[in-house]
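Enquirer: Sharing a structure here in structure tokens format.
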Amino acid sequence: LKFAARAPVAGEAAGCGSAPARRRARKALGALLAPSASGGAASGEPGAAMNGRTVSLPDLVTEKKRNTALSLSEGFAGAKHEGALFATSQSWCPRPGAGAPIVGERDPGAELQKVLPSYYRTRQLAMATEKGQHRIPRKLANDLRALEKALAREIRAVHPLFFQRFDEAQLDRLLRSMPFLRLSAGRWLFGSETLGAQWPPAAGDRAFLLLQGRITLYPDPAGAGERTEIYRGDVFGEKRFNLGDESMRNYIAGSAHCEDPCIVAVLQTASLEAAYADRAFGNSRIAQTWRKVPSLARICRPDEDLNASVDSTAKDKEEDHENGAVAHALRDISKVATACHFNAGQELLANEPWEDNVFVVSKGVLEVRGDITMTEKLDALPPKKVRMRIKIVKATNLAGDSIFDKLDPYVIVKLGDFKKFQTPVLWNVGANPKIDFTGVLTFESEAEELTITVMDRDQYSADDLCGTGTMPCKSLPDGFSGAIQLTRPKKGIFKQEDSLDEPAGKVFIKVSYDYEKVSALTRTPKNKSWKDQELFALVEQDSWGHEQIMLRDLFMRTLEQAAATTTYMLQLSNLRLVGGARRGGTSGVSVWKCGKSRFVDFVKHTGREKPFMQACRVSALEKQGQVRDIIKRLIRKWEIEMATTALKRGMMLDAPKVEEEVVDPNAFRIAYRGYKAHISVRNALNLTGGGFFDKLDPYAILRFRGSKQRPMRTSVLQDAGSDPVWDDEADLLYNGETALEIAVWDYDKYSADDLIGTGVLQVENFCNGFEGMVPLAVPGGKKSKSMKQMTITIGIQWPRLEQTVANHSFTDVSRAMRSTA
């Protein structure tokens, strides 16, 4: 080009300044430039007019050194040549796909296949021009740079983990020094000499990156053994490939066979050294970056208050020694620290878990993101009312009493529609009986009503109503002690509408509640998850991961303790590091990464483990405060959503309805196997048998059906009659039985005991606890002589399962059984 540019000037100097002379010079210049435009081939060489093309450029890169790189199609006997050569009427090709609309989903592999050959042909033309000592035209240089950017963008998506370790300048140096291969189907990439592999074993370390196609690996160099197919983005070779301290998850094989036409990049030590040439003089800059990190100040910078009472000479010597140790440790860590470069919105990738690394932000914003799950703590919920204990103290001024027939009263207490108990009959006590009886009923809702009914027992006719009174449970929030006014319908034919009832006395009662903590058996804890939430935003000179390495599991527990003051449990999961966008700034993020073992050695070499450990504890507590602010905001938002949903359903905000699940009996039998049930036998009513001179001496026996354990037996009540009151309690071992069997016997001292009645309570009735009356049947199918139904009042309480046990045993079993059904 220099000769051609000076030719007209030289002609003018020789006296050839006329127009015909200038035309002849331009014609000679065109003849000189024709070979260089065709890739350096002379006009008479076959390459100039091969296949009728106007231009034929060499494929990719050709080097003087043997086996350092191979061309796209040359050197492979029998290789397929379709699409291997590139021809164009232009002297160089523009960036592929410029201005073309993208239809459908973008395929990075197809775009890379277009960019890669164009880039290397353009680069080969530029190299040939430079070797010929000619100036590269500006258009060629611009197009070459555009293709380099396009290739760098496309090749990063092939193996994001590997290419995140290169910035733009390093990636450019890597691409310019890294050989590329294009192999036809059926070729052996490497292996033994018998396979005729095109890439013989190298003396140095190397690996291959598959950019396009499909390759089969064999463990044996002769191409035998188990096949392993790899695809785009996989790294493979004869040895383990590591980039510094990081493993790139490569495949190790003895031989490699191309199943499809492939494009392969060769990762050589020389190429990597050329890419990281700036690290030779940049380690001191890395050390200064680590020294200025505020979270590492306790180990990188001497404490000003340290040894304040020591004389200045000793202090200077000690600080010099400590500063020397810190400087040496910083130099060591600067040599092994890995730089990671990615854009906003991209995740920082690493082969090992993030807990095993320390990250220092050198440019941009790094966001720590994760999934937040809030689960309701059943232990933190206020205990609920499960049982109502009603003590009937006495009654006064009962209606229906007379001189000739004193009242024989008993009281029926009813809660809701089905739950009730009855006191024993008090014979001939009159209108002011002292009852002193306590009954227990299962409490479910404050919407229920408590009904007290006093009856007069008649042995040979229907019982008479003395009076009844009602009190809503809403008026008994914390218990009650007082009188309930009884009324009964007026008798007679002259009645007024405003006075249909008349007073019938009062009943004095005491009401209290039994409270239990909410169980996972009856209520599924509410939970909600928020995906991909920003937990922390790290700016320049901020670090992440040092607390996890120094404090281990205590760091995550400290963060999750941010919800300790709430009624929810916090779980942080799927933590990841993502590049953040800075408003008005660059979107690129650069982070220095150091492995766990290297960082621990760095801390030990500085000799400041204890001060740094204390600093990590303080930093963890500060991060806990940030997490606390986040979860408070999320809980407030969640409560608003639940309140809005409640309003849409027409529910009241001040009294939300708590939906409790029905316990699955089959799951209950498995979850409570081996637990003991606490059983209370309170009293029985209307027992038949016995006589005026031989009253009943009853006792009860309770056992789970089929159980071989010792049953529960109450005490024998001598001459208790038909309405005995035991108030006995005992524990029975439960092993998954389906029913509780009850038998009431009459004790005889000189003969066999007589069976009075039997009852059965199924598991469906007692799996959630039980308080109530169980009907008793006459044995042998006989008819009862009395018109009254025999009943026995019992209570069953179960111990509270641990929440973890309930979740794993009960919930999972219920779900499995529902799916099986």
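Enquirer: Looking at the stretch 688-711, which of the residues that are hydrophobic (A, V, I, L, M, F, W, C) and open to solvent by 10 Å² or more (accessible area, probe 1.4 Å) is modelled with the lowest pLDDT? Break it down stepwise before answering.
Expert: As a first pass, look at the stretch 688-711 and keep what is hydrophobic (A, V, I, L, M, F, W, C): 692-693, 696, 700-702, 704.
Among the residues that remain, those that are also open to solvent by 10 Å² or more (accessible area, probe 1.4 Å) are: 692-693, 701.
Working: PHE692: 69, PHE693: 74, ILE701: 95.
Per the criteria, the residue is PHE692.
Enquirer: Same structure, new question: Applying the selection to the stretch 732-776, what residues are farther than 13 Å from ALA677 by Cα and among the polar types (S, T, N, Q)?
Expert: Once the filter is applied, which keeps residues that are farther than 13 Å from ALA677 by Cα and among the polar types (S, T, N, Q), the stretch 732-776 yields THR738, SER751, THR758, GLN762, ASN765.
Enquirer: Which of (1) in contact with a Pro (Cβ under 9 Å, 6 or more places away or on another chain); (2) open to solvent by 40 Å² or more (accessible area, probe 1.4 Å) is the odd one out, the single condition VAL518 does not satisfy?
Expert: VAL518 satisfies every listed condition except (2).
Enquirer: A follow-up question, please. Looking at the structure I just gave you, is SER177 under 26 Å from HIS257 (Cβ atoms) and surrounded by fewer than 20 Cβ atoms within 10 Å (Cβ to Cβ)? Give the derivation first.
Expert: Numbers: under 26 Å from HIS257 (Cβ atoms): no; surrounded by fewer than 20 Cβ atoms within 10 Å (Cβ to Cβ): yes.
In short, no.
Enquirer: Something else: When both residues are 6+ apart or on different chains and their Cβ atoms are under 9 Å apart, which pairs have a first residue that lies in the stretch 483-504 and is farther than 12 Å from THR396 by Cα and modelled with pLDDT of 85 or more, and a second that is among the basic types (Lys, Arg) and outside any loop (DSSP other than H, G, I, E, B)?
Expert: That search, which allows pairs on different chains as well, returns GLU502/ARG488.
Enquirer: So is LYS406 in contact with a Gly (Cβ under 6 Å, 6 or more places away or on another chain), modelled with pLDDT under 90 and open to solvent by 40 Å² or more (accessible area, probe 1.4 Å) or not?
Expert: Working: in contact with a Gly (Cβ under 6 Å, 6 or more places away or on another chain): yes; modelled with pLDDT under 90: yes; open to solvent by 40 Å² or more (accessible area, probe 1.4 Å): yes.
Yes, satisfied.
Enquirer: Could you tell me which numbered condition ALA671 fails, if it satisfies all but one of (1) open to solvent by less than 20 Å² (accessible area, probe 1.4 Å); (2) at pLDDT 90 or above?
Expert: The number of the failed condition is (2).
Enquirer: Could you check ASP458 against (1) in contact (Cβ under 8 Å) with a residue 60 or more places away in the chain; (2) under 22 Å from ARG488 (Cα atoms); (3) charged (D, E, K, R) and say which number it fails?
Expert: The single condition ASP458 does not satisfy is (1).
Enquirer: Now for a different question. Just checking, which of SER715, SER751 is open to solvent by 40 Å² or more (accessible area, probe 1.4 Å), part of a loop (DSSP other than H, G, I, E, B), touching a residue at least 12 places away in the same chain (Cβ under 8 Å) and not hydrophobic (A, V, I, L, M, F, W, C)?
Expert: On the way: SER751 fails: touching a residue at least 12 places away in the same chain (Cβ under 8 Å).
Checking each option against the conditions leaves just SER715.
Enquirer: Checking LEU647 against (1) among the hydrophobic types (A, V, I, L, M, F, W, C); (2) modelled with pLDDT of 75 or more; (3) open to solvent by less than 90 Å² (accessible area, probe 1.4 Å), only one condition comes out false. Which one?
Expert: (3)
Enquirer: Tell me which helices (runs of 4 or more DSSP H) are completely within the stretch 114-188 and hold 3 or more residues being within 30 Å of ASN250 (Cα to Cα) and of a type in the set (A, V, I, L, M), or say none if there are none.
Expert: On the way: elements: 138-156, 160-163, 168-177.
Filter on the stretch 114-188 gives 138-156, 168-177.
Enquirer: Pairs needed: first member in the stretch 662-689, over 21 Å from ILE701 (Cα atoms) and of a type in the set (S, T, N, Q); second member anywhere, open to solvent by 10 Å² or more (accessible area, probe 1.4 Å) and not in a loop (DSSP other than H, G, I, E, B); C-beta distance under 6 Å; at least 6 residues apart or different chains.
Expert: Note: pairs meeting the criteria are ASN666/MET817.
The values are calculated or read from the model by the stated rules, or taken from the named source; none is laboratory data. Everything quoted here is computed from the prediction, not taken from an experiment. Positions of Cβ are backbone-derived with ideal geometry, glycine not excepted, and every protein chain shown enters the neighbour counts. Please note that ligands, DNA and RNA were not included when accessible areas were found on the heavy atoms of the full protein model with its side chains. Shrake-Rupley method; radii C 1.70, N 1.55, O 1.52, S 1.80 Å.
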